[in-house]
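Working notes for the structure below.
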Amino acid sequence: MKKFILNAGSFYLNSLRNPGKLGKNLIIILLIKLFVMFIVLKLFFFKDFLSTHFTSDEQKSEYVINSLTK
């Protein structure tokens, strides 16, 4: 199992070190998708719920604890 993981890791490292034209295009598409997922969606669709509904850290922590323990 350990040998399989090492082989898979070296496979991905080698493909990232020497990407072909298709590999470069796929990496660019991947980076654009990650940017959209983590930056654009975060800014416009996932507002900071706790900061908008609670003012103090104590209220925030109490809400999180109550939500997790229900």
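The values are calculated or read from the model by the stated rules, or taken from the named source; none is laboratory data. Bear in mind that the values here come from a model prediction, so they are computed numbers and not experimental data. Cβ placement follows ideal geometry from the backbone for every residue including glycine, while neighbour counts extend to all protein chains displayed.
Would you check if SER61 is among the small types (Gly, Ala, Ser), at pLDDT 90 or above and surrounded by 10 or more Cβ atoms within 10 Å (Cβ to Cβ)? For SER61, the condition - among the small types (Gly, Ala, Ser), at pLDDT 90 or above and surrounded by 10 or more Cβ atoms within 10 Å (Cβ to Cβ) - is met. Taking segment 1-55 as the search range and keeping residues that are β-branched (Val, Ile, Thr) and farther than 30 Å from SER67 by Cα, which one is surrounded by the most Cβ atoms within 10 Å (Cβ to Cβ)? So the residue we want is ILE27.
Looking at PHE54, is it without any contact (Cβ under 8 Å) to a residue 40 or more places away in the chain, touching a helix residue (DSSP H, G or I) at 6+ places or on another chain (Cβ under 8 Å) and either under 30 Å from LEU16 (Cβ atoms) or hydrophobic (A, V, I, L, M, F, W, C) (or both)? Lay out the reasoning, then the answer.
Details: without any contact (Cβ under 8 Å) to a residue 40 or more places away in the chain: yes; touching a helix residue (DSSP H, G or I) at 6+ places or on another chain (Cβ under 8 Å): yes; either under 30 Å from LEU16 (Cβ atoms) or hydrophobic (A, V, I, L, M, F, W, C) (or both): yes.
Spelling it out, PHE54 is indeed without any contact (Cβ under 8 Å) to a residue 40 or more places away in the chain, touching a helix residue (DSSP H, G or I) at 6+ places or on another chain (Cβ under 8 Å) and either under 30 Å from LEU16 (Cβ atoms) or hydrophobic (A, V, I, L, M, F, W, C) (or both).
Among SER61, SER15, SER67, which is the only one that is of a type in the set (Ser, Thr, Tyr) and in contact with a helix residue (DSSP H, G or I) (Cβ under 7 Å, 6 or more places away or on another chain)?
Working: SER61 fails: in contact with a helix residue (DSSP H, G or I) (Cβ under 7 Å, 6 or more places away or on another chain); SER67 fails: in contact with a helix residue (DSSP H, G or I) (Cβ under 7 Å, 6 or more places away or on another chain).
Among SER61, SER15, SER67, only SER15 is of a type in the set (Ser, Thr, Tyr) and in contact with a helix residue (DSSP H, G or I) (Cβ under 7 Å, 6 or more places away or on another chain).
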